[in-house]
1. Can you give me the ranges of the strands (runs of 3 or more DSSP E) entirely in region 330-375 with at least 1 residues that are within 25 Å of T319 (Cβ to Cβ)?
2. Considering region 297-329 alone, what residues qualify as being farther than 17 Å from F237 by Cα, free of Cβ contacts under 8 Å to residues at least 60 places away in the same chain and either of a type outside the set (A, V, I, L, M, F, W, C) or open to solvent by 50 Å² or more (accessible area, probe 1.4 Å) (or both)?
3. Filter region 376-408 for residues that are over 32 Å from the mean Cα position of the chain (by Cα) and among the aliphatic types (A, V, I, L, M); which is surrounded by the most Cβ atoms within 10 Å (Cβ to Cβ)?
4. Looking at region 111-123, is at least one residue assigned to a loop (DSSP other than H, G, I, E, B), more than 30 Å from V251 (Cα to Cα) and at pLDDT 65 or above?
5. When only residues in region 350-361 that are closer than 30 Å to I270 by Cβ and either touching a Pro at 6+ places or on another chain (Cβ under 9 Å) or at pLDDT 95 or above (or both) count, which is most open to solvent (accessible area, probe 1.4 Å)?
6. Return a yes/no flag: does region 66-83 have any residue that is part of a loop (DSSP other than H, G, I, E, B) and at pLDDT below 75.
7. When residues of region 273-313 are filtered for being outside any helix (DSSP H, G or I) and farther than 25 Å from P397 by Cα, how many remain?
8. Filter region 342-373 down to the residues that are more than 16 Å from L387 (Cβ to Cβ) and touching a residue at least 40 places away in the same chain (Cβ under 8 Å) and list them by number.
Amino acid sequence: MILEMKVPSPGESITEVEIAQWLVADGDYVEKDQAIAEVDSDKATLELPAEESGIITLKAEEGDAVGVGEVVCLIDTSASKPEGDNKTKASAAKETAVAATSEKTSAPATDTKPKETAKTYASGSPSPAARKILDEKDIAASTVKGSGKDGRITKEDAMNAVPSMGSPTGGKRGETRTKLSMLRRKVAERLVAAKNETAMLTTFNEVDMSAIFELRSSYKETFKEKHDVSLGFMSFFTKAVIRALQLFPAVNSMIDGKDMITYDFCDISIAVSGPKGLMVPIIRNAENLTFRGIEAEVKRLAIRAREGQITVDEMTGGTFTISNGGVFGSMLSTPIINPPQSGILGMHNIVERPVVKEGVVAIAPIMYLALSYDHRIIDGKESVSFLVAVKEALENPVEHLMDGNVEKALEL
């Protein structure tokens, strides 16, 4: 029996996926539920499992865009599992081809000298279409090698020509062209859309992290031992953001046509660097979570993102985003809004800097914060006040985030 395997729907609103990588070869024997391919959607990379056991026939190539519901491979379920070393005909044929290629390579060369093309009036001359393209690119015809008859420069030669990168100095000057994954292309589209379609503005502030350093120094070991999760900075920042969102609900809003939608819950998106690029999983109803709950959820989502197991549902939605560029050493940045959200908080590295405390210069661990916001629905006063509220909570977490009881807040 021949089973047609079709592309399943990875999530709502996704109509096509891209074959990122086949994990099996054409003609291989596959087991039921074995991962046979990695497919990219515009939101995540997912594994495609075999629906039945049998010999597989691939119907799409790596890099192909395939619509949801289309056939990507066939599985002959009546085929029996090969014995011995489990090598299929396809694998054996592939090895034979490689061996044959090696033999040809090692064989003595006979006459490898290329035949010289006879020079005529056409040599190095572009066709009218090619000349137009070269003029648009501001590339001299003398720098392009023609592949047409008698060395004539064709339209395709002109399209593939690239401007000179200066005078060669004798070093390596190679280049690699790699197709962007569907996820990366979607991220690019969303970033450009955010810049073009929102009135984005960024406001900055700084926060003295001394109080959080002292709390972590005093309680991180006990916290780790009790909850099997580290007491990091994300729980403090998430709590501070939630408090500020509740004080300034316009920042927890989105534009929908001529309407403004304000949410009474806080779904906090956290930017995570994954193997396929930036991913933004969401902590749902973060306002209901404790420090332990936030740290556990951050750890779970980060692991799933790094291992490529994050699902579309885990990245859909979100009312506000926190991005921590400080882990990579960023001192200051202007983060781009994650549409359709209206705000994003950028965290940066913590550096000891001289500050004035009660009229005296002291050294303190300082972090710069950046809030990018959509000025269409968030006024300057609200944005600045929101960031000040975050700063206040981080500099006095016991009062603003823990209700004056550290052990109760940390569930110790």
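The values are calculated or read from the model by the stated rules, or taken from the named source; none is laboratory data. Model, not experiment: these values are computed from the prediction. We place every Cβ from the backbone using ideal geometry, glycine too, and count neighbours over all the protein chains shown. Just the protein is used for accessible areas: all its heavy atoms, side chains included, with ligands, DNA and RNA removed. Shrake-Rupley method; radii C 1.70, N 1.55, O 1.52, S 1.80 Å.
1. The qualifying strands (runs of 3 or more DSSP E) are 343-347, 360-374.
2. If the condition is that a residue be farther than 17 Å from F237 by Cα, free of Cβ contacts under 8 Å to residues at least 60 places away in the same chain and either of a type outside the set (A, V, I, L, M, F, W, C) or open to solvent by 50 Å² or more (accessible area, probe 1.4 Å) (or both), then R300, I303, R304, R306, E307, Q309, E314, G317, F328, G329 are the ones that fit.
3. The selected residue is M402.
4. Taking every residue of region 111-123 in turn, at least one turns out to be assigned to a loop (DSSP other than H, G, I, E, B), more than 30 Å from V251 (Cα to Cα) and at pLDDT 65 or above.
5. That would be E352.
6. The answer is yes; a qualifying residue exists.
7. 15
8. Residues satisfying the conditions are I350, V355, A364, P365.
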